[in-house]
Amino acid sequence: MITTVLVANRGEIACRIARTCAELGIRTVAVHSDADAGALHTRLADTAVRLPGVTPAETYLRGDLVVKAALAAGADAVHPGYGFLSENPDFARAVQDAGLTWIGPPPQAIEAMASKTRAKELMGVQPLREVTEADLPVLVKAAAGGGGRGMRIVRWLADLDAELAAARAEAASAFGDGEVFVEPYIEDGRHVEVQILADTHGTVWTLGTRDCSLQRRHQKVVEEAPAPGLTSQLTAQLLRLAERAARSVSYVGAGTVEFLVAGDQAHFLEMNTRLQVEHPVTEAVFGLDLVAEQIRVAEGHALPVTPPRARGHAVEARLYAEDPAHDWAPQTGTLHRLAVPDGVRLDTGYTDGDRIGVHYDPMLAKIVTHAPTRAEAIRTLAGALTAAEIHGPVTNRDLLVRSLRHDEFTTGRMDTGFYDRHLTDLTTPAPDPYAPLAAALADAHGRSRFGAWRNVPSQPQTKRYAMAGEEHEAHYQHTRQGLTADGVRVVHTDARTVVLDVDGVERRYTVSAYGDEIHVNTTRLTALPRFPDPTTQLAPGSLLAPMPGTVVRIADDLEPGSPVQAGQPLIWLEAMKMQHRITAPTTGTLSALPVTPGQQVEMGALLAVVETDAP
């Protein structure tokens, strides 16, 4: 019987595993990098072990240190979570060789499916060996790992070599393996997968389908179970293929078989020999705890021959600290508040006051709803996201809400090209025009609780805010009747709540301020000084680092004085194990380039200046 589990992971999945272990009466051991010393997963575990001597990005890839930590802490089992070492057969063997129970599939099964190229060959699918014009578009993909890292769409043959190099670099950084392969890219397909669970007694469960078609940079954003709109024949085919994949490698434990579905055709993509990020939607539909089942299977228990019945529909949204309107740029800073309405599942690796750093994936949380029907689950999730308190860096919350309410999604007609078609519309700012006034009134109330009205009429007060990339002013007055503003009736103000009557309709605003960062309902504002400091003004055309990172590449032959075209990639910045392209905002001349490859830069650092050509 397992008594103590070391969780060889971090963040949300480490917290999720720790909570199940606590419910089962199993102690947990957390491991952490220096950057994660105070992280939530270390606080939830019974014991925490620092992994020494490596960079934060590499820490969780050091299997030797993880095994050493498990033995030192008295663990008798290791759960790998997802990502990092979860699909590394050498790590699984090292765990077993140390006399520990491996809560995962046999190393030989991981090995058979760990390389996507070998997995495809096992399923009778051959990657492209040489690419010609007739093969385009193609997808460059990392042979190891997942999560969209090491993946590139190539539409022009001339771009292939550069994209192969970039994909290899990303894959090596994320997974310690730079092998990539090329396969045909199927436009407008749906990403559908099957959850499997197998024991050591020959039973294999196929726990329905999931649709994960809403993706950015090949990373899933919204997932649901079951996949909508599939015929019974196609569903049965997917389940058969998934079971065949599992039995072909004598699989044990939880895993996922992924397909690209185009029309009524299913194309095998890969088998992930681990728990998936999106596993909660399957848990909700089947009434299971897959982590608990993984542990029972690892202990040798048999699964019932027949799996539980599926009930209802579940939808999951991944909340990221990122700016979808600006090339999905990851965001950093303090997460002041994260709370969702009651009755909604929240899986997260953060709590109020935690800092979002630069070393790891920017996912903050997974928010999951379950209801009798798909329409109800979608509506509940969109409402929960709208009502959630998410105070801190910019997130994709508005994008998620708009995606869930988009006609193409609600009618089940989405595919993997959804954001290629709709991103601009979904990220066009639509902030509440009265949010700056609500922020100003709440601030004024807090400053004037001891009485600010004077018998002499005063001039209107003005406060300036940045909202959705633009500057806004709010004007109000202190009068005998209290705070007033032109064009609206101020019904109520205090330091937290403002109620405005706009054309006979009362609007309620909840205001939360953290220094200059202010959140008014779902709108994020930044308070600006009344009089801007001219010494801090940047030259027009200045390109600033959207996040802390490393300059890994500068465009060939680029130097001050070089002509550039609008949208031309100038600089590649690596952060959170992803490469981000910094492009020219306009056609003009590069007048400054103060960075060099290998240089570390902070968020907001000047990377380049592009002067617009005179007409």
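Annotation: ASP420 fulfils all but one of (1) modelled with pLDDT of 95 or more; (2) surrounded by fewer than 22 Cβ atoms within 10 Å (Cβ to Cβ); the unmet one is (1). Condition check for ILE186 on (1) more than 30 Å from HIS326 (Cβ to Cβ); (2) touching a Leu at 6+ places or on another chain (Cβ under 9 Å); (3) not aromatic (Phe, Trp, Tyr): one failure, at (1).
Would you check if there is a residue in region 229-246 being among the hydrophobic types (A, V, I, L, M, F, W, C) and under 23 Å from the mean Cα position of the chain (by Cα)? Looking for residues that are among the hydrophobic types (A, V, I, L, M, F, W, C) and under 23 Å from the mean Cα position of the chain (by Cα), one finds none in region 229-246, hence no. When the residues of region 98-136 are filtered to those that are assigned to a helix (DSSP H, G or I) and free of Cβ contacts under 8 Å to residues at least 60 places away in the same chain, the one that is surrounded by the fewest Cβ atoms within 10 Å (Cβ to Cβ) is ALA134.
Of the residues making up region 240-267, those that are touching a helix residue (DSSP H, G or I) at 6+ places or on another chain (Cβ under 8 Å) and farther than 22 Å from VAL297 by Cα are PHE259, VAL261, ASP264, ALA266. In region 467-490, the count of residues that are surrounded by 15 or more Cβ atoms within 10 Å (Cβ to Cβ), modelled with pLDDT of 95 or more and assigned to a loop (DSSP other than H, G, I, E, B) is zero.
For every residue, the table says whether it meets (1) basic (Lys, Arg); (2) more than 30 Å from TYR185 (Cβ to Cβ); (3) in contact with a Cys (Cβ under 9 Å, 6 or more places away or on another chain).
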position: HIS370; (1), (2), (3): no, yes, no
position: ALA375; (1), (2), (3): no, yes, no
position: ARG379; (1), (2), (3): yes, yes, no
position: GLU389; (1), (2), (3): no, yes, no
position: PRO393; (1), (2), (3): no, yes, no
position: VAL401; (1), (2), (3): no, no, no
position: THR410; (1), (2), (3): no, no, no
position: ARG413; (1), (2), (3): yes, no, no
position: PHE418; (1), (2), (3): no, no, no
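LEU303 falls short on exactly one of the conditions (1) surrounded by 17 or more Cβ atoms within 10 Å (Cβ to Cβ); (2) of a type in the set (A, V, I, L, M, F, W, C); (3) assigned to a helix (DSSP H, G or I), and that condition is (3). Counting only strands (runs of 3 or more DSSP E) that fall entirely inside region 500-613 and contain at least 2 residues that are among the aliphatic types (A, V, I, L, M) and surrounded by 16 or more Cβ atoms within 10 Å (Cβ to Cβ), the qualifying elements are 505-514, 517-520, 523-528, 549-554, 569-575, 578-583, 588-592, 606-612. Evaluate region 157-165: report whether one residue or more is in contact with an Asp or Glu (Cβ under 8 Å, 6 or more places away or on another chain) and not polar (S, T, N, Q). Checked against the condition, which is being in contact with an Asp or Glu (Cβ under 8 Å, 6 or more places away or on another chain) and not polar (S, T, N, Q), region 157-165 yields at least one hit. Selection of region 345-357 for residues being among the β-branched types (Val, Ile, Thr), assigned to a strand (DSSP E or B) and in contact (Cβ under 8 Å) with a residue 40 or more places away in the chain yields only THR348. Residue count for region 268-310 under the criterion of being touching a helix residue (DSSP H, G or I) at 6+ places or on another chain (Cβ under 7 Å) and without any contact (Cβ under 8 Å) to a residue 60 or more places away in the chain: the result is 2. Restricting attention to region 429-452, and to residues there that are over 38 Å from the mean Cα position of the chain (by Cα) and loosely packed, with under 14 Cβ neighbours inside 10 Å, which single residue is modelled with the highest pLDDT? Among those that are over 38 Å from the mean Cα position of the chain (by Cα) and loosely packed, with under 14 Cβ neighbours inside 10 Å, it is ARG447.
Yes/no matrix, rows are residues, columns are (1) of a type in the set (Ser, Thr, Tyr); (2) part of a helix (DSSP H, G or I); (3) crowded, with 22+ Cβ neighbours inside 10 Å; (4) free of Cβ contacts under 8 Å to residues at least 60 places away in the same chain:
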position: THR334; (1), (2), (3), (4): yes, no, no, no
position: GLY343; (1), (2), (3), (4): no, no, no, yes
position: HIS370; (1), (2), (3), (4): no, no, yes, no
position: GLU376; (1), (2), (3), (4): no, yes, no, no
position: ARG379; (1), (2), (3), (4): no, yes, no, yes
position: ALA382; (1), (2), (3), (4): no, yes, no, yes
position: LEU385; (1), (2), (3), (4): no, yes, yes, no
position: VAL394; (1), (2), (3), (4): no, no, no, no
position: LEU400; (1), (2), (3), (4): no, yes, yes, no
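Within region 71-97, the residues that satisfy the criterion of being in a helix (DSSP H, G or I) and touching a residue at least 12 places away in the same chain (Cβ under 8 Å) are LEU71, ALA72, ALA73, PRO89, ASP90, PHE91, ALA92, ARG93, ALA94, VAL95. Considered as a group, the residues in region 49-84 that are small (Gly, Ala, Ser) and closer than 26 Å to MET271 by Cβ include one that is modelled with the lowest pLDDT, and that residue is GLY83.
For residues that are outside any helix (DSSP H, G or I) and within 28 Å of ALA266 (Cα to Cα), tally how many sit in region 137-176. Residues in region 137-176 being outside any helix (DSSP H, G or I) and within 28 Å of ALA266 (Cα to Cα): 20 in total.
Looking at ALA166, ALA172, just one residue is free of Cβ contacts under 8 Å to residues at least 24 places away in the same chain and under 29 Å from ALA575 (Cα atoms), and that residue is ALA172. Scanning region 177-187 for residues being more than 10 Å from ALA143 (Cα to Cα) and assigned to a strand (DSSP E or B) gives a total of 2. Scanning region 142-165 for residues being at pLDDT 85 or above and either closer than 20 Å to GLY83 by Cβ or not hydrophobic (A, V, I, L, M, F, W, C) (or both) gives a total of 5. The criterion of at least 3 residues that are at pLDDT 95 or above, out of contact with any Phe, Trp or Tyr (no Cβ under 9 Å at 6 or more places or on another chain) and of a type outside the set (Gly, Ala, Ser) is met, among strands (runs of 3 or more DSSP E) falling completely within region 190-264, by 204-216, 219-225.
Which one of these is farther than 30 Å from PRO106 by Cβ, surrounded by 21 or more Cβ atoms within 10 Å (Cβ to Cβ) and among the acidic types (Asp, Glu): GLU316, GLU283, GLU322? Result of the check over GLU316, GLU283, GLU322: GLU322.
Per the listing VAL66, VAL54, the residue uniquely outside the structural domain of GLY178 (by TED's automatic domain parsing) and buried (at least 19 other Cβ atoms within 10 Å of the Cβ) is VAL66. Only one of the numbered conditions (1) out of contact with any helix residue (DSSP H, G or I) (no Cβ under 7 Å at 6 or more places or on another chain); (2) more than 30 Å from ALA35 (Cβ to Cβ); (3) outside any loop (DSSP other than H, G, I, E, B); (4) touching a residue at least 60 places away in the same chain (Cβ under 8 Å) is violated by ASP432, and that is (3). Across region 285-302, what is the total count of residues that are in contact with a strand residue (DSSP E or B) (Cβ under 6 Å, 6 or more places away or on another chain) and of a type in the set (A, V, I, L, M, F, W, C)? Count: 5.
The values are calculated or read from the model by the stated rules, or taken from the named source; none is laboratory data. Source: prediction; values computed, not measured. Neighbour counts are summed over all protein chains in view; Cβ atoms, including those assigned to glycine, are modelled from backbone coordinates with ideal geometry.
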